[in-house]
Amino acid sequence: MSEPVKHRVLQHGRLIPAVEQNLARHFDIVPLWQQADPLAFLRAQGERFPALVCSARHGIDGALIAGVPGLRAIASFGAGYDTLDIGTAQRLGVQVSSTPDVLNDCVADLAWGALIDIARGLTESDRFLRRGAWLQGPFRLATRVSGKRLGIVGLGRIGRAIAQRGAGFAMDIRYHNRRPVDGVPYAHVAELAELARWADFLVVVVAGGSGTQHLISADILAALGPQGYLVNVARGSAVDEAALTAALQARAIAGAALDVFEREPCLPEQLAGLDNVLLLPHIGTATHDTRQAMGELVVENLHAFFRTGRLCTPIPETVC
Ligand code: 8YV
């Protein structure tokens with residue numbers, strides 16, 4: 001029996017090898033970056049690609065979306081879609097999918113690892129031991145985690161997974177969202193500054209983009225205060241990094257754990273010199289298990305599109 005014909009899919013930006021291999025098993029993948037002149041290639045052949053695969057990391061701009069005349073669906077690898085030009089996709093009737101849910105646990109696990117690290121000084125004490133400082137005396141006392149106040153900024157799917165873990169640490173949990181979330185046992189706090197004043201740990205899990213740009217401002221950091229810790233596993237753009245650096249330098253907050261930055265992959269030099277901040281290279285979803293699951297969901301979305309004309313985990317704004 002002959003092999004079923006593979007549907008042709010355009011790929012914009014590299015993905016991890018395991019995901020690229022999986023995509024190639026299911027589809028006839030055409031890597032755009034391998035074309036000598038990608039724009040000329042699209043002008044000549046764009047009609048042949050109803051579907052495109054990309055990632056939250058590299059994103060996709062409006063010019064490229066408009067440059068693929070036959071395009072009807074974009075399957076993106078990643079839950080966030082602040083780097084995808086959703087407005088253009090919507091205007092041109094192109095559906096876009098992301099990879100929600102399958103990454104909730106890994107991002108929540110990382111948020112907790114980072115929170116405990118910064119409160120108890122795990123990596124700081126590792127550095128202390130390695131440089132031989134223990135020989136001169138014990139490591140400084142740190143901050144207890146269990147039983148404290150956990151403020152979650154953005155109680156979406158990942159925020160809820162973080163909150164569930166907080167119950168295991170006997171935390172008092174409250175959250176800030178634009179609107180209260182139905183059916184959750186945590187108190188909604190309408191004013192972000194009030195949540196920051198109340199919290200011992202403020203964890204940021206909002207979507208990126210213009211709606212949350214510098215949501216964590218100098219004022220919010222001042223409200224968090226010298227005993228408070230900030231954890232950001234969302235997007236660098238949600239935190240005013242200059243204000244955060246100043247707050248950490250002045251010990252106006254106790255510490256921060258950051259998995260995301262304003263200008264990734266560049267490490268902000270002034271943060272690198274501080275001991276009261278944990279710096280991670282955007283590894284929230286970076287496990288074999290979760291990246292594999294995200295890749296599978298991209299494949300499922302493309303299959304659904306070719307079978308039914310609909311992606312299976314579409315970004316709501318692009319469903320018409
Ligand atoms: C990474 C993420 O961007 O899912 C997201 O929105 O932030 C992460 O998974 C990953 O590199 C996806 O491209």
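The values are calculated or read from the model by the stated rules, or taken from the named source; none is laboratory data. Bear in mind the structure is a predicted one, so any value in this text is a computation, not a measurement. Here Cβ is always computed from backbone atoms with ideal geometry, including for glycine, and neighbour counts include all displayed protein chains. Note: accessible area is taken over every heavy atom of the protein model, side chains too, but ligands, DNA and RNA are not part of it. Shrake-Rupley method; radii C 1.70, N 1.55, O 1.52, S 1.80 Å.
Keeping all protein chains in place, calculate the accessible area per residue for the chain (probe 1.4 angstrom), answer in Å².
50
Could you check the spin-label model distance between A242 and A24? Points 7 Å from the Cα along Cα→Cβ, value in nm.
Taking the simple label geometry, A242 and A24 are separated by 4.5 nm.
Calculate the spin-label point distance for E296 paired with L92, positioning each point 7 Å from the Cα along the beta-carbon direction, and give it in nanometres.
Computed distance between label sites L92 and E296 equals 3.2 nm.
With only alpha-carbon atoms counted, please give the Rg and Dmax of region 1-143, in Å.
Computed over the Cα atoms of region 1-143, radius of gyration and Dmax are 22.5, 74 Å.
What residues qualify as long-range amide H neighbours of Y81, i.e. H under 5 Å apart, gap of 5 or more or another chain, H built at 1.01 Å from N?
Sorted by chain and number, the residues that satisfy this are G208.
Nearest 20 debye, what's the magnitude of the dipole of the chain about its Cα centre given +1 on Lys and Arg Cβ and -1 on Asp and Glu Cβ?
Here the chain has a charge dipole of around 300 debye.
Rg(Cα) of the chain divided by 2.2 N^0.38 Å?
Cα Rg divided by the expected 2.2 N^0.38 Å: 1.11.
So how much slack lies between A142 and A218, counting 0.36 nm per residue of separation and subtracting their Cα-Cα distance, in nm?
Full-extension gain reported as 24.9 nm.
Quickly estimate the mean residue ellipticity at 222 nm for the chain, helices only: each DSSP H run with n ≥ 4 gives -39500 (n - 2.57), and the total goes over all residues, rounded to 500.
Using -39500 (n - 2.57) per qualifying helix, the result is -10500 deg cm²/dmol.
Give the value in nm², to one decimal: projected area of the alpha carbon convex hull of region 104-279, averaged over all directions.
Over every viewing direction, the Cα hull of region 104-279 projects on average to 10.1 nm².
I need the peptides 13-20, 131-138 ranked by packing, meaning the mean over residues of other C-beta atoms within 10 angstrom, with the highest value on top.
On the way: 13-20: 15.5, 131-138: 9.0.
Result, highest mean Cβ count within 10 Å first: 13-20, 131-138.
Measure off, as a whole percent, the carbon and sulfur share of the 1.4 Å-probe accessible area of region 104-279, all protein chains present.
Solvent-exposed carbon and sulfur of region 104-279 make up 51 percent of the total.
Which residues in region 67-92 place their backbone N less than 17 Å from a point set 7 Å from the Cα of D37 along the Cα-to-Cβ direction?
Taking a point 7 Å out along Cα→Cβ of D37, the residues of region 67-92 whose backbone N falls under 17 Å are 67-68.
If Rh is defined by the Kirkwood formula over all Cα pairs and Rg also comes from Cα, what ratio Rg/Rh do you get for region 183-320?
Details: Rg = 18.3 Å, Rh = 17.0 Å.
My calculation puts Rg/Rh at 1.07.
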